[in-house]
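Here the structure is laid out as structure tokens; the discussion comes afterwards.
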Amino acid sequence: SQTIHQWPATLVQPVGSPLSLECTVEGTSNPNLYWYRQAAGRGLQLLFYSVGIGQISSEVPQNLSASRPQDRQFILSSKKLLLSDSGFYLCAWSVLYGGSYNEQFFGPGTRLTVL
Amino acid sequence: KNQVEQSPQSLIILEGKNCTLQCNYTVSPFSNLRWYKQDTGRGPVSLTIMTFSENTKSNGRYTATLDADTKQSSLHITASQLSDSASYICVVTLRNSGNTPLVFGKGTRLSVIA
């Protein structure tokens, strides 16, 4: 069966510090991978998605970046965090089924607080 | 513009009572609609999925309905339990939209109290 891991689970960082969040998927090959942010009281905002190693698409311009060094590894980074980067970060995966990427399976999330 | 609107924003009910959450969407072309449950501090988990031709789907005490003509869906929870306290997110899938087909609602936060 497939599983998705995220770490760390929680993180408190000062403004201006760097960030690295990691997501790994097990039990599937060549998945689409996604990074979402969920701010308090707001919906899920798609930040990045990747259809393969080294292939990253950005949905929202910001000071965050993403990388996919391996097929089942997705990393979210920042060189200098802003207060507005605080939120709950979710990684998700999806595979082609019936000709489309219908369902996404979410990881447990990382709670980031920038002080 | 493709949008998913959910109501109410939040809801408090007594344990054992029933409740209904609403979802209205303006998404086209439509492929399917899912309801996700998201426990606090956790990732969303799919509860039900309905395609254009389905108008009701049950998963235990959860029953989702879909009216594709009016573009409305509801999630009915029967005999609520404390563990039902969570956010419920309505997600509509666009047909033929490649790698980013999902349109998310902002969710309804349900609190079940004893």
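What are the ³J(HN,Hα) couplings of region A:76-82, residue after residue, when phi is run through the Karplus curve with 6.51, -1.76, 1.60 and θ = phi - 60°? Round to Hz, x for glycine and proline. Taking θ as phi minus 60°, the curve returns 10, 9, 8, 7, 9, 6, 10 Hz for region A:76-82. Both chains summed, the buried accessible area for B and A stands near 1500 Å², from protein heavy atoms and a 1.4 Å probe. Spin-label model, A:V60 to A:N30: label points 7 Å out along the Cα-to-beta-carbon direction sit 3.1 nm apart. Beyond 17 Å, the tail of the calculated P(r) for chain B holds 51 percent of the Cα pairs. On a 18 Å Cα-Cα criterion, which of the cross-link pairs B:K1/B:K37; B:K17/B:K71; B:K37/B:K106 come out too long? Beyond 18 Å between Cα atoms: B:K1/B:K37; B:K17/B:K71. Across the accessible surface of region A:46-115, with the other protein chains kept in place and a 1.4 Å probe, carbon and sulfur atoms take up 56 percent. Comparing the full protein assembly with the isolated chain, the residues of region B:40-64 losing at least 10 square angstrom of accessible surface (1.4 Å probe) are B:G41, B:R42, B:G43, B:P44, B:S46.
Take the solvent-accessible surface of the protein heavy atoms, probe 1.4 Å, and return the percent of it on region B:23-69 that carbon and sulfur atoms account for. Whole-percent figure for carbon plus sulfur exposure: 48. Close amide H partners of A:L82, meaning residues 5 or more places away or on another chain with modelled amide H under 5 Å apart, are A:G16.
For chain B, what does the accessible surface come to per residue with a 1.4 Å probe? Please give it in Å². Numbers along the way, then the final one.
Values: 5530 Å² over 114 residues.
Accessible area per residue, chain B: 49 Å².
Judged by the mean number of other Cβ atoms found within 10 Å, the most tightly packed of the peptides A:86-97, A:14-25 leads the ranking A:86-97, A:14-25. Given their separation in residues at 0.36 nm each and the Cα-Cα distance between them, B:Q72 and B:I12 gain 19.4 nm when the chain is fully extended. Find, among the chymotrypsin sites (Phe, Trp or Tyr not before Pro) in region B:43-114, those assigned to loop by DSSP (not H, G, I, E, B) with at most 15 other beta-carbon atoms within 10 angstrom. Listed in order of number, the matching sites are B:F52.
Between A:L115 and B:N99, the modelled label-to-label distance comes to 3.7 nm, taking each label 7 Å out from Cα in the direction of the beta carbon. Applying the Kirkwood pairwise sum to the alpha-carbon positions of chain A produces a hydrodynamic radius of 14.2 angstrom.
If you plug the beta carbon distance of A:D71 and B:S58 into 1/(1 + (r/R0)^6) with R0 = 35 Å, you get a FRET efficiency near 0.45. The residues of chain A present an accessible area of 48 Å² per residue when probed at 1.4 Å with all protein chains retained. A simple spin-label model places the labels of B:D39 and B:Q22 3.0 nm from each other, with each point 7 Å out along Cα-to-Cβ.
The values are calculated or read from the model by the stated rules, or taken from the named source; none is laboratory data. This is a predicted model, so every value here is computed, not measured. Glycine gets a Cβ as well: all are built from the backbone with ideal geometry, and neighbour counts include every protein chain shown. What goes into the accessible areas is simple: the full protein's heavy atoms, side chains included, and nothing from ligands, DNA or RNA. Shrake-Rupley method; radii C 1.70, N 1.55, O 1.52, S 1.80 Å.
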